[in-house]
């Protein structure tokens, strides 16, 4: 899974600035204006949370408590107003891994996010190792599992036999079968696998698990109370799925039967009688433009081309409107002989609000680009620490650079686009703005590879951190005129 930095910031300008900073440094970011949006629309599966503790709809403390209640494992970096150490203490006690005081310094923010993402990656590695170990242990019979528990507890074959009421010879037989089922030849490897899976040790002489174990080997694979155990497992599974989204679903694959939770059906305004009952009938509810993609994703998962089924698509509400949903599920039951999938289960969360925000953000971005293009202007930015220059497509065109090339340039590469006679004056204008905090204003000639020359006006503003130290300069490029080289050319003369 690709990690995402989930930013919860009520100030749209600050939120956009934080997202832009993270994107420029290679991090995927998603912006939420309040706690409700985060808790409703965010997937919260990979990455970290950058949380402003002062939100309009819910306190930061309540958000942290709710994330913990939902079992969200993502690290949280808290942000609070200056001079409020009590907020930091409360946040850390509630599980935040880091704390930043606003206004946040770019370097501190990036460092905190990197630490949080590193912590998530380490936890994710541990979770994956545990999941893989648990999957392998599912190959064992109940008795073989007890034998392994005894070995984890440090018991000898004789002690395991005494505890389980078996003969030492029977224990040896099950131990050999256990190693075969795990496809291992070394006992230390089996113990490491059991420890990774969190397998509880078997206590000697009368442990609860052993006391409840039958004295005779149960039939395999059907246990005495398998039906009751399966029913309890299904109930727990439904509770988990319901808690993870707006409703749960189940697909009985051999019969094509679809079962939807009451909560999910009511969410979209249907009665139980109106809800889809078979897989094929889903086509009547999923948007025609999304149906084939939905089918492709679920078939790809069942054929082993992905680790889980996950898809975003539109479904029709009972009132005819379309809602965007995120659907996540996996196979929960397979045939014991062939391994063919028998049952899938999953949860659905509505993401219409998130999709609408993404659409508005994209429209705003396109309108801004259109406005700048119509005005003949382009955006530029200089990182004063690295001296890296960022140029948008329009700025690259004005300076004679490739539209399909990179956005980032070294300072020397940017200077190379300026006429040699104008470089000193352009650099001096920038350095003066950095030193005094005044706006940047410079005019210079840009030399294009095709031999043409353009007179460019550069306007900009210095951005400082909370300590007043200049960090970045952002601004606009605008073409004043196209000129031809001639003896005695001067900026003043061309600008008239």
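List of remarks:
- Percentage, to the nearest whole number, of Cα pairs in the stretch 375-495 over 20 Å apart: 39
- Cα pair distances of the stretch 280-334 binned at 5 Å [whole percent]: 4, 19, 27, 23, 15, 8, 3, 1
- Relative packing of peptides 15-27, 45-57, 427-439 - highest average C-beta neighbours within 10 Å first: 45-57, 15-27, 427-439
- Projected label distance in nm at residue 403 and residue 36, using a 7 Å step from Cα toward the beta-carbon: 4.3
- Burial order of peptide ranges 274-285, 142-153 (average beta-carbon count within 10 Å, highest first): 142-153, 274-285
- Measuring between their Cα centroids, the stretch 119-148 and the stretch 307-353 lie 25 Å from each other.
- The stretch 139-208: proportion of alpha-carbon pairs further apart than 17 angstrom, %: 33
- Of the peptides 30-43, 329-342, the order by per-residue mean of other Cβ atoms within 10 Å, starting with the highest, comes out as 30-43, 329-342.
Read-outs: derived from the displayed coordinates by stated rules, not from any lab. A quick note: this is a predicted structure, and the numbers were derived from the prediction, not measured. Glycine also receives a Cβ, built like all others from the backbone with ideal geometry; neighbour counts cover every protein chain displayed.
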